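Written out below as structure tokens is the structure these notes cover.
The values are calculated or read from the model by the stated rules, or taken from the named source; none is laboratory data. Here the structure is a predicted model, which is why all the values come from computation and not from measurement. We place every Cβ from the backbone using ideal geometry, glycine too, and count neighbours over all the protein chains shown. Surface areas here come from the heavy atoms of the whole protein model, side chains and all, with no ligands, DNA or RNA. Shrake-Rupley method; radii C 1.70, N 1.55, O 1.52, S 1.80 Å.
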Amino acid sequence: MKKVAVLGSTGSIGMQTLEVVRMNQDMTITALAAGSNIERLEEQIREFHPKMVCVFDEKGAKELRVRTADCSVRIVSGMDGLIECAVLAETEMVVAAVVGMIGIRPTIAAIQAGKDIALANKETLVTAGHIIMPLVKQCKVRLLPVDSEHSAIFQALNGERAQDLSRIWLTASGGPFRGRKREELKEVRAKDALKHPNWAMGRKITIDSATMVNKGLEVMEATWLFHVEAERIQVVVQPQSIVHSMVEYTDGSVIAQLGTPDMKLPIQYALYYPQRRYLPGRRLDFLTLGSITFEKPDMDTFCGLALAYEAIRTGGSMPTVYNAANERAVALFLEGRIGFLTITELIEEAMRAHRPVRDPDIDEILNIERDTYDFIEEKCRYRKEQD
């Protein structure tokens with residue numbers, strides 16, 4: 001019986017992880033963690049019977065204790081509680097699916113406690129890859145990617161020699177605004193940006209897909225996961241989301257991983273690696289598929305992708321600024337306080353204002369995150385006053 005903790009259990013990846021667990025009889029949930037969705041957490045507690053549950057919000061934790069008084073579960077809260085869930089002795093694998101940089105400390109704690117990691121939290125490697133990857137090696141644990149693109153690369157590299165890798169082709173759907181120019185994006189609203197053509201994802205990551213910042217974050221993550229320079233990672237738009245990514249080798253061979261757009265596939269692959277399990281669902285039918293197309297990304301319109309490559313080249317703390325500026329700007333957009341194009345404008349302004357720290361530690365990373373949040377808020381207020 002494999003014992004799994006899910007951090008971010010009420011979000012899109014967390015819920016699909018629990019769906020995979022539900023379909024398999026040889027896996028049990030030891031711990032769950034979420035932000036504040038008490039109703040959904042209560043349902044998960046009653047179905048999966050975890051030993052420990054963290055609600056980040058203390059008020060929510062108190063309410064959940066009352067609602068689950070008849071259950072044998074320990075309810076904890078805050079960062080300390082999140083870390084407790086990550087290092088629970090019984091746990092073998094931690095699914096890191098919380099959104100944002102809040103996932104860094106519990107992921108580090110889980111690695112130090114000897115837990116394998118199924119990573120769905122991009123921010124952990126984007127901002128702290130220089131800390132995480134050496135720690136994974138030192139603690140002799142496995143870090144397995146859950147993102148569909150990184151899972152595809154991982155699968156395409158399986159059994160091959162690292163030195164034979166020539167280039168990674170990282171695919172992107174293009175999001176809901178593929179093919180549009182900047183002029184056409186001035187008036188789009190959150191409801192428009194949240195209509196992803198292929199994937200069902202959380203609100204924040206769906207907006208990131210619409211700006212293509214999500215692809216920039218994935219390039220950053222891939223550099224750490226696969227020990228490859230950003231110059232050898234080429235983003236290509238694949239609108240059908242059938243080819244999830246490709247690896248090109250020195251002899252010219254290209255190995256791709258294909259499948260229907262279903263996040264349960266990479267989740268289950270990470271949970272059971274190196275085994276493959278049967279997964280119910282729609283299969284590709286190449287006789288009726290018709291065509292698979294590829295396009296060059298428009299990095300002028302979707303300049304968040306170009307800014308990501310710049311952040312990687314600068315290195316140090318710049319990816320943290322890129323990520324934190326985006327997090328705050330996306331939140332402001334979802335609140336209706338800024339326009340769609342302003343998201344990447346604010347990211348660029350934050351990057352231009354930042355003096356990079358070469359090798360930031362965790363405290364420095366989190367301080368830079370807070371400073372960047374404050375910078376974005378100040379810029380937002382200034383823009384409003386100017387309007």
Long pairs among LYS3/LYS137; LYS115/LYS140; LYS3/LYS59; LYS191/LYS379; LYS181/LYS215, criterion Cα-Cα beyond 20 Å: LYS3/LYS137; LYS3/LYS59; LYS191/LYS379
Whole-number percent relative contact order across the chain, with pairs defined as alpha carbons under 8 Å at least 6 apart: 14
Percent carbon-and-sulfur accessible area, the stretch 24-154, ignoring ligands, DNA and RNA, probe 1.4 Å: 51
q = 0.28 Å⁻¹, the stretch 124-168: log10 I(q)/I(0) [Debye, one scatterer per Cα]: -1.12
The stretch 1-47 and the stretch 262-333: distance between their alpha carbon centers, rounded to Å: 23
Computed log₁₀ I(q)/I(0) - Debye formula, equal Cα scatterers, no solvent, the chain, q 0.08 Å⁻¹: -0.40
Cβ crowding within 10 Å averaged over residues, with 66-76, 208-218, 264-274 ranked highest first: 208-218, 264-274, 66-76
At 0.692 mPa s and 37 °C, Stokes D of the stretch 154-312 from Kirkwood alpha-carbon radius, µm² per second: 194
Solvent-accessible heavy-atom area per residue, rounded to whole Å², over the stretch 261-387 at 1.4 Å: 54
Projected area, mean over directions - the stretch 47-143, Cα convex hull, nm²: 6.2
DSSP-assigned coil residues among trypsin sites (Lys or Arg not before Pro) in the stretch 79-173, each with at most 11 further Cβ atoms within 10 Å: LYS140, ARG161
Environment charge at LEU119 (Cβ cut-off 9 Å; Lys +1, Arg +1, Asp -1, Glu -1): -1
Segment MET1-GLU184, length gained on full extension (0.36 nm per residue, minus Cα span): 60.6 nm
Debye intensity ratio I(q)/I(0), log10, the stretch 1-114, q values 0.21, 0.23, 0.24 Å⁻¹ (C-alpha model): -1.11, -1.35, -1.46
Distance histogram in 10 Å bins (all Cα pairs of the stretch 311-387, percent per bin): 21, 52, 22, 5
Spatially proximal aspartates and glutamates relative to LYS122 (Cα-Cα < 16 Å; intrachain offsets below 8 disregarded): ASP147, GLU149, ASP208, GLU218, GLU221, GLU327, GLU369
Label-point separation in nm, ARG232 to GLN163, each point 7 Å along Cα→Cβ: 1.2
Calculated diffusion of the stretch 233-387, Stokes-Einstein form, Kirkwood radius summed over Cα pairs, 25 °C and 0.890 mPa s, µm²/s: 130
Cross-link partners of LYS384 among lysines (Cα-Cα below 21 Å; sequence separation of 8 or more within a chain): LYS186
The stretch 227-287 - Kirkwood radius from inverse mean 1/r over Cα pairs (Å): 13.9
Ranked by how many other beta carbons lie within 10 Å on average, peptides 359-367, 344-352, 285-293, 323-331 from highest: 323-331, 344-352, 359-367, 285-293
Directionally averaged shadow of the stretch 61-202, computed from the convex hull of its alpha-carbon atoms, nm²: 13.0
